[in-house]
Structure formats: structure tokens, C-alpha cells
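Participant: Below you will find the structure I want to go over with you.
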Amino acid sequence: MATNASEPVSTRPTQSPRTTRPTQPTHFSFPSTSTSGNYTPASTSSYTQASSSSASVSSRTSLSSLRQTISESPHIYSFSEIRRATNNFLLKKYSSSSTNCWRCNLRGRDVVIFQRKFCRKLETHSLRDRLSVICRSHHNSIIKLLGASISDDYIYLVYEFCNGANLSDCLRNSRNPDFTVLSTWMSRMQIATDLAHGLDYIHNNTGLNLTLVHNHIKSSSIVITEPSFNAKICHFGTAQLCGETDDDDERNRKASSFKRESGEIAEIVAEEDKPPIPSLTRSSSKRMQFEGVRGYMSPEFQATGVPTQKSDVYGLGVVILELLSGEEPLKYKFDKRHGEFTRTSVIEAARWAVYGSEEEGGGGGGGGGGGGREGRLRKWVDRRLKDSFPVDVAERVTRVALECIGEDPDKRPDMGRVSRKISKLYLESKNWVDTMKIPIGISLSLGPR
């Protein structure tokens, strides 16, 4: 037994390394089972472990080098990058509706950069946290925010580029007022549905701890893409990153302080209407440094300058009425008979179309539309649709929009309810189109004006 146990030891030194090395798995193939006792499984396993360890080291090295090529925070751009991308801000401005906006290439991506001034300075860690959570949000009806850069009192917001035209230009072409690319009822309903879903996502479904408010809902901030005519909301996250919004405690404090200083809720109107109240001008009161667009601002926002989700709902209601009628929210016409300008409001026109001469009564065929409520609606809805739309659905869409622009913000519906109603009306419109079997590119008049 002792002799047998020592036999492997005595035979190992007599073996030539040159005869055993070719049997090692240099080509990752195991030797056959007919090999003599010279083959040792332990040597194979040690070789395999060495190969796997070297492969893991190589993987770690490649991952480390890859990690070094990625910035610590991919949402933060240096100001030098912004300057290089915009050719030191000498590039031609991309949009006429935004004063400081450039389309350029940044880190290999086609982007649009907006310059915004801080309304309220935010702490660095708070701004970084907000930027991180907003950049992680995704929705088909929202133009994605890629990152931002800060320089002094300005923040440069980098959004992905989306090819298309804004809703205002799609509805109103100054060169050819009788033409619009949104010439079908379904194209209008598709846009209304996309907007409702996008704003509902911002308010309720981002999954973030922030109470998000858009604060820039208007037709010029909505991009219409071709060929499906889908709508995408611009400027997502701008209000939070520029300091336009506050937490609930700060919001309540500002509102109460404003009421206490002014004695009553002052009515702030656009400069086109009349000059602002001297004691509440933007230069003399920091509390009134808010942004808004004439015709889209809710009454409480005009009074306090504090944006809320309900003020977003108000803006969406105005956009839907604008989408149905094709008209601007506010328009001034010169009355030759009286020699003065008269103001027409899309909200007042919509109320007349639904309720008639009495806003609350809903009766009568006032206004000379003919045919009662149906005649008024046909006269109010965009003529370029050529009467090719379901009147009952158009009336219900108008009523939803009028609910959104109610004077009392507490009585306005939330975006979840608005989104569900618009989706249901979209499906009814689709069923109407399928029933009528209207060919594409051909309009059909279903009633006299």
C-alpha cells in the first residue's frame, strides 16, 4: 500500500514538460479520456480559473474605461459646452416665439437650448435633485429635457429636438388664412387627446415626489409632428428649475402676503389692456415677477402670480377652445362704425355657442346662427373643417373645455378626469368617422350654416 501510494510521486519527476504541455487546453479543448495518467484535472481547472479571472479583469478594465468617458452627472452641461454648441450664442434663433432659443448639436445629439432667467434662486443641491428627477421622466406627448447649465442668473435648458411646427402656426397661417394642415376633425381630436394625456402625466403620473406644474400651457408651446399630427408639450420642468413654483407652505405664504399688502386681490391684466397697478409692477415687487401669456392666464394666477395645477387646467381649456375654433384666445378688431377697437374672446364665443345669449340658461337661438345650438356650434367651429365633424361630440368637447376655465379653481376638474373624458370623445369621433366612411382629403358638409 505504501509503495502504491508513492508511485505517482516517483513517476512525476521523470515526465518531460514538453510532452505534457501540448495536452493542455491551449485551444480550449479538453484531452480525450484515453490519455494516460499523465493528465491531471487539477491543472485544467486551475487554467480555467486563470482564464476566467483574466477575462473578468479585462471586463472590469473595459467597464472602468467606459465609466470614465461618462460624466458624473449626465444631466449637467458645462457653460463652455453651451457656448461652443451655440457658436458663442451667435447662431440664428430657432423660434420667433422664444427670444433666446437655439437649435444646435450637443454631445452628438440634435437639441434645442432655451435661455431662461431665474425667478428665484434655488440651492445647488435642490436644483440638482430637481433636474435629475425631471430628466428621468418620459412620455410620448412631452418633449424630453436632457439637461441644463447654469451661468450667473441664467439657466440654459437643453431639450431634445422635435421636428414639427407649433400649434399656433398650424392653426393660423398669415400668408394663407384659408389653409391649415389640421383640416380634419380627427386631427384636432388627436391633438386634444395627446395634450390631455401629457398634462395628466405631468400632474399625476410621473411618480416623482415633486408637485409638478407646467405653467407654460399655450398654443405656441405645443409642437405638432407629421405625418400623424401628434402633439408634444414643450418646456417641461421649466417652472421647477427656474424657481417659478414653490412648495405648499411658501405658496400659501405668498398668497396671504399679497392679499394683505394689496388689501384685495388686484386684477393684473396684460400691458395691451391697460398699464399695471403702480404698487404692483414687476420692478417694484418681487412677488409679481411671474410669467404669463395674455388669454391663457387664470384669474387667480393674474391675481397672485402663483402657478398651480389648476392654472394649468385653465390654460389647457383655452387651448382646446382655440383648437376647435381656430381663433386666438383674445383678438382685437377695429369697429369702423364706432371708430374704436373691440375685443373678442374665444371663451365668450364658446359660451355663446353652447348656451346661446344667456351663458347659464343654455337656450334660444340667439346670435343669428340658425338651427339653435347646432347652428351656433357650426358657426363657431373652424370653418376650414367644412362642417365635417360630429356636432354632439364637438359640443361635449366644448363643455369639457368650459369646465376647465371656470372662475373658481376648486370647481375645475383635475387632469385625470379631463384626460378620461377627452379619450372617450376621441373614440366616439373615431367611430363616427368609420361610420361615415369619409375618404381622406375630402370634406363633407352635413348641414347649412
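Participant: Roll a 1.4 Å probe over the protein heavy atoms and report the accessible area of residue 297 in Å², nearest 10.
Facilitator: In the full protein context, residue 297 sits at about 30 Å².
Participant: Additional query: Could you sort 404, 119 by their accessible area in this structure, using a 1.4 Å probe and putting the largest first?
Facilitator: 119, 404
Participant: What does the net charge come to around residue 81 if you take all other residues with beta carbon closer than 14 Å to its beta carbon, with K and R at +1 and D and E at -1?
Facilitator: Counting the neighbours of residue 81, the net charge comes to +4.
Participant: Related question: In whole Hz, what ³J(HN,Hα) sequence does segment 383-399 give by Karplus (6.51, -1.76, 1.60; θ = phi - 60°), x for Gly and Pro?
Facilitator: Here the 3J(HN,Hα) series is 5, 6, 7, 6, 6, 8, 7, x, 5, 5, 5, 4, 5, 5, 5, 5, 5 Hz.
Participant: OK, next. Expressed as a whole number of Å, what is the distance separating the alpha-carbon centroids of segment 384-423 and segment 105-171?
Facilitator: Between the Cα centres of segment 105-171 and segment 384-423 lies a distance of 30 Å.
Participant: I would also like to ask the following. Calculate the dipole size of segment 146-230 relative to its Cα centre from +1 charges on Lys and Arg beta carbons and -1 charges on Asp and Glu beta carbons; express the result in debye to the nearest 20.
Facilitator: Dipole about the Cα centre, nearest 20: 280 debye.
Participant: Net charge within 13 Å of residue 109 by Cβ-Cβ distance, Lys/Arg positive one each and Asp/Glu negative one each, not counting residue 109 itself?
Facilitator: 0
Participant: Too long at a 27 Å Cα-Cα cut-off: which of 144/430; 331/424; 232/424; 379/421; 232/333?
Facilitator: Checking Cα-Cα distances, 144/430; 331/424; 232/333 exceed 27 Å.
Participant: Something else about it: Taking every eigenvalue of the Cα gyration tensor of segment 70-164, multiplying by 5 and rooting it, what semi-axes result, largest first, whole Å?
Facilitator: 20, 17, 14
Participant: Would you kindly calculate the mean projected area, averaged across all directions, of the convex hull enclosing the Cα atoms of segment 127-242, in square nanometres?
Facilitator: Approximately 8.0 nm², given one-decimal rounding.
The values are calculated or read from the model by the stated rules, or taken from the named source; none is laboratory data. If you're wondering where the values come from, they're calculated on a predicted model, not measured in any experiment. Methodologically, a virtual Cβ is constructed for each residue, glycine included, from the backbone with ideal geometry; neighbour enumeration extends over all protein chains shown. The area values use the complete protein model at the heavy-atom level, side chains included, leaving out ligands, DNA and RNA. Shrake-Rupley method; radii C 1.70, N 1.55, O 1.52, S 1.80 Å.
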